[in-house]
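Quick notes on the structure that follows.
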Amino acid sequence: MIYTDLGGTGVQIPRIGQGTWTYGEQKNEAKEEVKALRYGIEHGMTLIDTAEEYANGGAERIVGEAIHDCRKEIFLTTKVSAKNCSYEGVISAAERSLERLGTTYIDLYLQHWPSQQHELEETMRAMIYLVENGMVNYIGVSNFTPELLEEAHRALGNHVIVCNQVGYHLYDRRIENNVLPFCKKQGVTLMAYSPFGYAPQFFGGQGFPEQGSADRAVLEDIGSKYGKTAYQVALNWILRHEGIVTIPKAKNIIHIESNLEALGWDLPAEDLAEIDRNFPKPLDGMPLQTY
Ligand SMILES: NC(=O)c1ccc[n+]([C@@H]2O[C@H](COP(=O)([O-])OP(=O)(O)OC[C@H]3O[C@@H](n4cnc5c(N)ncnc54)[C@H](OP(=O)(O)O)[C@@H]3O)[C@@H](O)[C@H]2O)c1
């Protein structure tokens, strides 16, 4: 595994972690999900991302089971839902997450989405409470624009946002306009979610280029030069940005093994240019993420 610094904290986190969206939804898949997480952990993917929202707490329970005997090795990230972002709401959501996760602390606690109902200042005050009371080590956000990140920083005073988790993949390069440069400048770790594209039920999503499509052929042709698959090219492309980490979800052990091989090599400029030609960069002035 290759590591990077978390938001200037000195804490080293893996550049590829494990997502858990949809875990806990099907009872009969629980064993397979725990097994996948543990396989990833054994191979260095000790950064685990989950959320109270996933399967209504079910994903956190799966994670709790997977990490019960190796908690200290894990960098555990979970999220408070936007609807729970009042002062009391954040604190009780964190308490419930801790219970489901079977742990006494969360390494990184994220506000999942900007909230329409609750002031950011109030949410961040609760985050400070959690840090000062040892329930959370670091504070982060997800789906935040630079403006909101600045507002959060102002609200935090001496505390800081160390991470912004945002969608980033070949078909959605919007963060390259403003979010990514802002995070780099501020030393905020960018954690890229949905590295293989959004699921159809999410943002009307476009998933990974289909087998046989022209886009897939571009990735396969590039990968074939290095003995890599299209998926490995896609992950490596995300990780070309220094300091970015990503959290693919892979229930299938073969997929986990493949994702581990996406690190430790670099796509040369000519291949990056070929990717740009086929998966265009966002236009200047294109709206920021409008989450
Ligand atoms: N903050 C937010 O708002 C937000 C939003 C969305 C997601 N997330 C987080 O980000 C994580 C990842 O995003 P995601 O779950 O949307 O999608 P993703 O990781 O981009 O894609 C997951 C899909 O890719 C497949 N896959 C994984 N590795 C593969 C490989 N090497 N070859 C072929 N297929 C492969 C998985 O199959 P198998 O499962 O069958 O292996 C699964 O169907 C989530 O699980 C969640 O933790 C956060």
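The values are calculated or read from the model by the stated rules, or taken from the named source; none is laboratory data. Every value quoted in this text rests on a predicted model; they were computed, and no experiment measured them. Reconstructed Cβ throughout: ideal geometry from the backbone, glycine too, with neighbour counts over all protein chains shown.
Worth pointing out:
- Given (1) within 18 Å of residue 249 (Cβ to Cβ); (2) within 13 Å of the ligand (Cβ to nearest atom); (3) hydroxyl-bearing (Ser, Thr, Tyr), number of the condition residue 81 does not satisfy: (1)
- Among the numbered conditions (1) away from the ligand (no atom under 16 Å from the Cβ); (2) over 17 Å from residue 243 (Cβ atoms); (3) modelled with pLDDT of 95 or more, the only one that residue 117 does not meet is (3).
- Answer residue from region 36-59, given it is in contact (Cβ under 8 Å) with a residue 40 or more places away in the chain, farther than 20 Å from residue 15 by Cβ and more than 11 Å from the ligand (Cβ to nearest atom) and is surrounded by the most Cβ atoms within 10 Å (Cβ to Cβ) among those: 52
- A Cβ distance below 7 Å, combined with a sequence gap of six or more or placement on separate chains, defines the contacts here; from region 242-267, residues that are under 30 Å from residue 186 (Cβ atoms) and more than 9 Å from the ligand (Cβ to nearest atom) reach residues that are β-branched (Val, Ile, Thr) and assigned to a loop (DSSP other than H, G, I, E, B) in the pairs 263/2; 264/2.
- Residue 16 meets each of the listed conditions (1) within 14 Å of the ligand (Cβ to nearest atom); (2) farther than 19 Å from residue 51 by Cα; (3) not hydroxyl-bearing (Ser, Thr, Tyr) apart from (2).
Per-residue answers, yes or no, for (1) of a type in the set (Ser, Thr, Tyr); (2) in contact (Cβ under 8 Å) with a residue 12 or more places away in the chain; (3) buried (at least 23 other Cβ atoms within 10 Å of the Cβ):
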{"site": "129", "(1), (2), (3)": "yes, yes, no"}
{"site": "132", "(1), (2), (3)": "no, no, no"}
{"site": "141", "(1), (2), (3)": "no, yes, yes"}
{"site": "145", "(1), (2), (3)": "yes, yes, no"}
{"site": "155", "(1), (2), (3)": "no, yes, no"}
{"site": "165", "(1), (2), (3)": "no, yes, yes"}
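- Residue identified as under 26 Å from residue 29 (Cβ atoms), touching a Gly at 6+ places or on another chain (Cβ under 8 Å), within 14 Å of the ligand (Cβ to nearest atom) and without any contact (Cβ under 8 Å) to a residue 60 or more places away in the chain among 211, 206: 206
- Taking residues in region 92-116 that are closer than 21 Å to residue 58 by Cβ and in contact (Cβ under 8 Å) with a residue 60 or more places away in the chain, and partners anywhere that are of a type in the set (S, T, N, Q) and within 14 Å of the ligand (Cβ to nearest atom), the pairs with Cβ atoms closer than 6 Å and at least 6 places apart or on different chains are 108/77; 112/81; 112/142; 113/143.
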